[in-house]
Amino acid sequence: MRSPSQALAWSAFKLSWPVLLMQIAGVISVFFLLDLALDSGEDTLKLFEVADGVIVIGLIFLYSVTLHKSHSITRTSSALGFPYRAEFSLPVSTFTLLLTPLLYICALIEVAVFVPGIIVNLFYFNVEVSVLPIGFIVFQFTILTLMLTWWTNNGVASAAGWFVALVLYLNGLLMPDFVRIENSWIVSAVNPVDYIVALLFTAAIFGLAYFGVSQQRSGETLINFGNKIFNSADLGAIRDILPLPSASCPTNSPMAAEFWKERQLHGAYSALFFGLAGAAMTLAILATIVFFAGNGPDPKNVGLLALPLYGLMCVGLTITMYGVRYKNGTPIVSLHDRTTPLSTAKLTLIRASVSLSSALLAGVIMYGSLWILGPLLFSDFQSMQSEFLEIFTIFTGIGFVDLALRIFLSLTAFLTALLLLATFFTGTMLHNRPFAIGIAFVPAYIFLWSISLMGFYGSENPETYNQAIDTVFANHLWILVLLIPVSLVIMLRDLLQDQMLSQTQMLRLLTVGIVLAGLNLIWLFDASHYDVLGRDIWLVQLSYLVVQGFLPLLAAVLALWTSNRIRHG
Amino acid sequence: MSELVVEVNNLSRSFGKTKALDCVDFQANRGKVYGLVGANGAGKTTLIKHLLGLLRAKSGTVRILGEDPVKKPASVLKHIGYLSEDRDIPDWMSIDELMRYTNAYHSGWDQSYADELLNTFSLDPAKKIKTLSRGMRAQVALISAVAHRPDLLILDEPSSGLDAVVRKDILNAVVRTISEEGRTVIFSSHLLEEVERLSDHVTMIHQGRVTLDSSLEMINNNHHCSSIRFAEQQHTPPKLESVVAISGEGRFWSAIHEGSTDSFGNTLQKIGGEIVESRHATLEEVFVSKVGREDLREQTQTIEGAK
């Protein structure tokens, strides 16, 4: 290393390259999978209408993982927010200390835009992803978020910073207005000068971040008020922040004690905090948009904003389900947790049930608060409500049994998704390199298939090409159909070998799984859903049944298997 | 109940290309204190993790009170008190909450003993663990490990990073556990004086292998440190079968050797040497003679390789 900047960038790279690889692979996979799923060819342009969105969603994932990781590396009880806080004592200027990680993460995120964008642009000759505008949007989004996160560790100052940035954004001072070129998916800025204006305001915010980090480096703080708010560095912090009564730990049984512990960490108070925070964020963003953006997004549509925010709250509530956290860049699980004298199955059951219940409770609190406070703050809140309620039309006009079945299946699917997501995040935290390489394998495989198909049939003959893709798609569906039962068998065998589950427990688990699959079967063969996915072919229905019916069982078994691996290495 | 509390047979474990444990056999009987000694990275913590079921035995077997700690974690861990090197206890709890929480898991929890230890260490039960100093954390962790009167107490570097006062407090509590209750204790430590003071039995691990496994009494009786005088100058260290380490120059040398002083004296006589003075070797001398020399050789090789 020739310079401190290089050393800082190197350490950042060592920690984040698997996430970058996963992001690139993930985005490319989504493109190809969508292409195959939609029987591409004639509809390619339609597919690429979602392309930009897919890139951005992937980038949000990359960004959140990177930020989460960089935060977690150096969390201390006295200071939170700046990812390289432990390096405050390094013999480098504050300018270098701040700018190096900022530029590094921005460069990382740009690579994640350009590499998949260029691959897609080269591969699909008639469609172009707008890599440059997307690159700029993502750059602004990243650098502003990082600076606003790092500039202070004071909750109130931080909230004020975010508010100012939102106001600047809504007034077009941080992002140009983009317009789509006719008959294409390419977007460009209406006025190129806007780029310069945006960069000037970003530079001004950099000045603020520099001032804030300098202060933190010398142990000073802007104001004392609000220092503890939003500082959730320590587990159980919410219980400490809010003046809430807490029950004392029961001593009558291990299960009750463990349940108490989980409730303190991820229970009702966390749900209350996340639910209220989600509602407050939704209302604040809505209010700002309604107030400043006269000709901006239609407030009616932004009512749906609460959904992704609730998704984020759910991730926040469930991501620590397995107790994995970072310390000095290494994922660790508390030895105290691992040596708790309770069976792994019971521990998993308690932890998962508390986290998932909290996620549901947070939703009730968040939407309940919005429903109550919304009409008081917005005159046209009713239109937002009705837009939101549109989602639930799938539950209207049906009988009680069918309604109950739909609600039950939707709830099961939601909880399954949360459990799988928490397990996935835990997996990436513990084994980020193998995960990254595994995920990178998927687009490489699909890419080779696509190239081969194009070579054999050419893009000039869409009908033959479509038939070929159909065949490949149908054949590969078998992988999915087989993957779930096969992985279930492997994991259940491991659990039996380790005596983590007794045969009776395993039979009970399998019975629940089969009942769920049966309910899905009933739903599938209901006359109105028989043509699910628009394809009246048994393979697709079987795939649906296996995926939808057995995923809850897979999620439960995977959770047990993951807990077992975490506990016993 | 069986006398054998811990039984490890032919245990091996690798992490990548590094062999952390290599065919390790280890037994611990009821009512004895076992000291695990070894250089950093020797495999002590890996062995302890296997005893706790935190690592699965890839080859070989581990049994605690006759049960596999991976297959029966709940029933095995109920009998174990564990103090980890980094005093890993939930920061967010108060001391009292931790005591109540630990109590729930152990039917043998002795609240009066816990209170007595809290009092001895002058700990306020209402205090949050995250506000405690390193020494106080260690004391709290120790109380939660011993107050349920475990059949097996495992201490991983109990004195690491502690000042002399706290170290003494901790050792006194351990001594009490041993002397009053006859529990089995396994502890790893770098402080060999501590091991010497507390242990009945010493197991020395080096590069994943058990290099010495014997009662402390046997080690003391079987290892001597002798000053040797030769009639003539010795230009190279004299080669003697029972010597595990030798240093010096010319006519005067100092050797750590195994076996009795008499038989060593007889061997020495044959090559023109005699014992000037002899005493029992300390555990530290035995440790350095068995481990230190190889480490030094390895370090030299590494440096030469780097050159």
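Brief remarks on what is shown
- Modelled FRET efficiency - R0 56 Å, B:Asn266 with A:Ile372, Cβ distances, 0.05 increments: 0.05
- Estimated FRET transfer efficiency when R0 is 45 angstrom, pair B:Asn10-A:Ser353 (beta carbons, to 0.05): 0.65
- Vicinal HN-Hα couplings computed from phi for the range A:187-194 (Karplus, 6.51 cos²θ - 1.76 cosθ + 1.60; Hz; Gly/Pro x): 10, 8, 6, 5, 10, x, 4, 4
- Simple label model, 7 Å out from Cα along Cβ direction - B:Ser160 to A:Ile490, nm: 3.5
- Placing +1 on each Lys and Arg Cβ and -1 on each Asp and Glu Cβ, with no other charges, gives the range B:124-228 a dipole about its Cα centre of roughly 560 debye.
- Counted charge near B:Leu191, where neighbours are those whose Cβ lies closer than 10 Å (Asp, Glu -1; Lys, Arg +1): -3
- Using 0.36 nm per residue and subtracting the Cα-Cα separation, the extra length available between A:Tyr445 and A:Ala413 on full extension is 8.7 nm.
- With a 10 Å cut-off around each Cβ of A:251-263, the average count of Cβ atoms from other chains is 3.
- Applying the Karplus relation 6.51 cos²θ - 1.76 cosθ + 1.60 with θ = phi - 60° to the range A:163-175 yields 3J(HN,Hα) values of 5, 4, 4, 5, 5, 4, 5, 5, 8, x, 9, 10, 8 Hz, where x marks Gly and Pro.
- When the alpha-carbon atoms of chain B are used, the pair Rg, Dmax equals 22.3, 72 angstrom.
- Sorted by Cβ density within 10 Å, fewest first, the residues A:Trp151, A:Trp561: A:Trp561, A:Trp151
- Entries in B:Lys239/B:Lys290; A:Lys346/B:Lys71; B:Lys44/B:Lys78; A:Lys261/B:Lys128 that, when Cα-Cα distance is taken, lie over 18 Å: B:Lys44/B:Lys78
- Sorted by Cβ neighbour density within 10 Å, fewest at the top, the residues B:Phe264, A:Phe139, B:Phe252, A:Phe274: B:Phe252, A:Phe139, B:Phe264, A:Phe274
- Average other protein chain Cβ within 10 Å of Cβ, residues B:71-81: 4
- Cut-off under 5 Å, modelled amide H: who pairs with B:Asp213 long-range: B:Met204
- Packing-based exposure ordering (other Cβ within 10 Å, fewest first) of A:Met255, B:Met99: A:Met255, B:Met99
- Legend: mean number of C-beta atoms from other chains within 10 angstrom of residue C-beta atoms, peptide B:126-134, equals 1.
Laboratory data are not the source of any read-out in this text; all were calculated from the coordinates shown. Bear in mind the structure is a predicted one, so any value in this text is a computation, not a measurement. A quick note on method: Cβ atoms are made from the backbone with ideal geometry, for glycine too, and the neighbour counts reach across all protein chains shown.
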